[in-house]
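Have a look at the structure below before the remarks.
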Amino acid sequence: MSIASDLRGYADNAVTQGKQVLDQAQAQLNDVTGQANEFYGKTRENVVELANKATSAVSDLRVQAEKAVNLDAIKTAVEPYIIQVKGYVTPVTDRVESLVSGVKSDKRVVTLVDTVQERVVKPVQDLTGRKPAAKPAAKAAPATKPASKPAATKPASKPAARKAPARRATTK
């Protein structure tokens, strides 16, 4: 035999073996692909089944909760109290309005408001650069009264009255 025929024989054997290996690899790949598809299908079925079970469980729990907490019974029990509270709204509002009007007419409160406006609100507004609201501006108009000085002297007399009992307590 010649070298060419020997090489051709070797080449034919190599090609045949290569085809066999390729066929085996293709068969293994097909098996793996089939197993992966089967695994995916089972996993998908399990997920769908779990989702259905979870939905069912949530529905069951909701029904049980609605049975356990009877909203209609609670509403029926609370309604008389709500009606009663609504009945108090008007008298309480009227009472508060009368108290507020009484407080607004008290000279001490007016001087206090004026003092707070002059010593707190206005400096803060000047520092922040904010404009006063409509209601405080209307209250600021009476601030021109010279009543702010007596308000400053009144607190001085109150601490003196407080200090006197403290002295007596220390002498005992």
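A few comments on the model shown:
- Hey, residue 69 surrounded by 10 or more Cβ atoms within 10 Å (Cβ to Cβ) and hydrophobic (A, V, I, L, M, F, W, C) or not: no
- One residue alone among 59, 5 is surrounded by fewer than 10 Cβ atoms within 10 Å (Cβ to Cβ), part of a helix (DSSP H, G or I) and not β-branched (Val, Ile, Thr), and that residue is 5.
- When residues of region 115-135 are limited to those that are of a type in the set (Lys, Arg) and part of a loop (DSSP other than H, G, I, E, B), the one modelled with the highest pLDDT: 130
The values are calculated or read from the model by the stated rules, or taken from the named source; none is laboratory data. No experiment lies behind these values; they were computed from the predicted model shown. FYI the Cβ positions are ideal-geometry reconstructions off the backbone, even for glycines, and counts take in every protein chain you see.
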